[in-house]
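Right, one structure below, let's go through it.
The values are calculated or read from the model by the stated rules, or taken from the named source; none is laboratory data. Quick caveat, the model's predicted, so the values are computed rather than measured. Backbone-built Cβ (ideal geometry, glycine too); neighbour counts: all protein chains shown. Accessible surface areas use protein heavy atoms only, side chains included; no ligands, DNA or RNA. Shrake-Rupley method; radii C 1.70, N 1.55, O 1.52, S 1.80 Å.
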Amino acid sequence: MMIPASLHRLGDRTLLVTWNDGRRSEYDVRALRLACPCASCVNEWTGERTLRPAQVPENVRPVRLFSVGRYALGVAWSDGHDTGIYGFDYLRRLNPALSGAETLETPVSPKPPRSEHL
Amino acid sequence: MPAVTTELVLEALRHVQDPDLHRDIVSLGFVKNLNIDGGAVRFDVELTTPACPVKEDLKRQCEHMVSALPGVTAVDVTMTAQPARGNMEKRTALLKDVRHIVAVASGKGGVGKSTATANLAIALANTGAKVGVLDADIYGPSMSLMFGIIKAPEINAEKKLVPVTSRSLKVVSMAMFDEGEKGVVWRGPMVSQMIQNFVHNVVWGELDYLLIDMPPGTGDVQLTLTQNAPLSGAVIITTPQDVSVLDAKKGLRMFQSVNVPVLGIVENMSYFVCDECTKKHYIFRRGGGRRIAESLGVPFLGEVPLEPEVAEGGDSGTPIVERRPGSPAALAYKALAGSVASSLSILSAGQAGLLGSFDLKWEEVPEP
């Protein structure tokens, strides 16, 4: 299983996850909120997303980020939602654009390499 | 003129009800910082949300009730709000000084999991480590019996559970809340809640190892625990027969599905040595534990022989490691403690660069 090696904040609305294989994934925090996999955002039976983008404020931010056991990232959001548990595998899959070799960690500049947003 | 007392003021405020919670504001604990200076009464009413629609109404009611008391000349009510904390808030805080949490699990009951937990705990403590035991075998808690504990844990001022100390071990067991032999007859959600409480609301303090005696099987409770407690690893106990081995596999898959490393498999009741000869009798067939460990690619941590004294030790409150330290079973448990300790060190060294247990505010997440 993929495990984050570190979490960083890029400015106010981007979460950077560096994985144990060196890859980096950037997440726009609102996009991450909209991708919440919990049962109140996704229909458990049909898998249909019940959360509508209009329901989430443009300026939504994480309030807290916390580990859930050893397999997931939990996020409590500024809109009061705190039941979302992002399994590391899910989190990684959310950002397939970042699985390419060009995003492998090669610290050439002090800034992390920019990569496509979620 | 009668003196205005705290009791009188609180008594008056008991007539003020929160319309949503249908209880009076005193028993809800909303009245704070009560200050009486002669006839002047000052207090805060702390609501659960600053957006309370009936805030002004509640304030008027408070003023009305208190000013009606004889001797009161002035009433000053300040309405404040403390948002109810999310249930996930800071719940790992009490576990931050626990270095390793290890689940002791089995695919089915009757394989000697609790006995193994008790002996492993003592064997680890005998090496000088600080050890805690959480008996989460909620349907058949036995740690009180195993350690001969008759006390119940205390609740401290912060409403947290203080474990009972026995030898150098800190122990919390569901049995401590059970009245005699009634047993626990609870529905699933209550059990999960209780387990969460056990993990997150106990003041464990500084521990090197916290062993969790899991309920047998791979049901809801087991999954809840496995998912929520920041487990460092799991030890799976099995007996040599294939049916037990099959169930152990399920346990293994459960841990793997939530990324908890399985430290290894222990085969209990491996063989019996009778009084008359020194021959090892393999009553339940031989080598099941080793086979499953090999087939699933996890370490085999050793065999523990079947000795009547192991059971006696458990029943009498002195586990075999303590009762007969030189016996084959005690030696097996000591060896097990050594393997568990070393595999945990190796694992944590391998994870040195990785994110462990964390709980950060967004502002606290570092910028690169």
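Points worth noting:
- Some residue of the range B:299-313 being farther than 25 Å from B:Ile149 by Cα and assigned to a loop (DSSP other than H, G, I, E, B): yes
- Every residue from the range B:4-23 that is closer than 16 Å to B:Ala68 by Cβ and either open to solvent by 30 Å² or more (accessible area, probe 1.4 Å) or in contact with a Pro (Cβ under 6 Å, 6 or more places away or on another chain) (or both): B:Thr5, B:Glu7, B:Leu8, B:Leu10, B:Glu11, B:Arg14, B:His15
- All told, A:Arg23 falls short of being open to solvent by 30 Å² or more (accessible area, probe 1.4 Å), among the charged types (D, E, K, R), within 11 Å of chain B (Cβ to nearest Cβ) and touching a residue at least 24 places away in the same chain (Cβ under 8 Å).
- Candidate set: the range B:239-257, residues that are aliphatic (A, V, I, L, M) and touching a Leu at 6+ places or on another chain (Cβ under 8 Å); chosen: the one farthest from the other protein chains (Cβ to nearest Cβ): B:Leu252
- All positions within the range B:148-176 that are under 16 Å from B:Asp213 (Cα atoms), part of a strand (DSSP E or B) and of a type outside the set (A, V, I, L, M, F, W, C): B:Lys170, B:Ser173
- Screening the range A:1-11 for residues that are facing another protein chain (nearest Cβ under 9 Å) and not in a strand (DSSP E or B) and picking the one that is surrounded by the most Cβ atoms within 10 Å (Cβ to Cβ) gives A:Ile3.
- Identity of the residue in the range A:86-96, closer than 19 Å to A:Arg9 by Cα and open to solvent by 30 Å² or more (accessible area, probe 1.4 Å), that ends up modelled with the lowest pLDDT: A:Leu94
Yes or no, residue by residue, for (1) at pLDDT below 80; (2) more than 19 Å from B:Val321 (Cα to Cα); (3) out of contact with any strand residue (DSSP E or B) (no Cβ under 6 Å at 6 or more places or on another chain):
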| position | (1), (2), (3) |
| --- | --- |
| B:Leu94 | yes, yes, yes |
| B:Arg99 | no, yes, no |
| B:Lys108 | yes, yes, yes |
| B:Thr115 | no, no, yes |
| B:Ala121 | no, no, no |
| B:Gly128 | no, no, yes |
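- Set side by side, the residues B:Leu252, B:Leu223, B:Leu246 differ, and just one is over 17 Å from A:Ala72 (Cβ atoms), in a helix (DSSP H, G or I), open to solvent by 10 Å² or more (accessible area, probe 1.4 Å) and not β-branched (Val, Ile, Thr), which is B:Leu246.
- Single condition B:Thr278 does not satisfy, out of (1) hydroxyl-bearing (Ser, Thr, Tyr); (2) surrounded by 15 or more Cβ atoms within 10 Å (Cβ to Cβ); (3) without any contact (Cβ under 8 Å) to a residue 24 or more places away in the chain: (2)
- For A:Pro62: the one exception among (1) more than 7 Å from chain B (Cβ to nearest Cβ); (2) modelled with pLDDT of 90 or more: (1)
- Among the residues of the range B:196-221, those identified as within 13 Å of the chain's Cα centre (by Cα) and more than 18 Å from B:His100 (Cα to Cα) are B:Asn197, B:Pro215, B:Val221.
- Filtered residues of the range A:26-48 (kept if over 30 Å from B:Val262 (Cα atoms) and either at pLDDT 90 or above or open to solvent by less than 10 Å² (accessible area, probe 1.4 Å) (or both)): A:Glu26, A:Tyr27, A:Asp28, A:Val29, A:Arg30, A:Ala31, A:Leu32, A:Arg33, A:Leu34, A:Ala35, A:Cys41
- Qualifying residue in the range A:51-68 (condition: in contact (Cβ under 8 Å) with a residue 60 or more places away in the chain and either surrounded by 17 or more Cβ atoms within 10 Å (Cβ to Cβ) or over 18 Å from A:His81 (Cα atoms) (or both)): no
- Applying the condition of being assigned to a strand (DSSP E or B) and within 14 Å of another protein chain (Cβ to nearest Cβ) to the range B:226-238 and asking which residue is nearest to B:Leu344 (Cα to Cα) yields B:Gly233.
- Taken over the range B:299-350, residues that are under 13 Å from B:Asn268 (Cβ atoms) and under 24 Å from the mean Cα position of the chain (by Cα) amount to 3.
- Residue within the range B:135-144 that is surrounded by fewer than 18 Cβ atoms within 10 Å (Cβ to Cβ), hydrophobic (A, V, I, L, M, F, W, C) and at pLDDT below 85 present: no
- When the range B:257-308 is limited to residues that are in contact with a helix residue (DSSP H, G or I) (Cβ under 6 Å, 6 or more places away or on another chain) and acidic (Asp, Glu), the one that is farthest from B:Ser348 (Cα to Cα) turns out to be B:Glu307.
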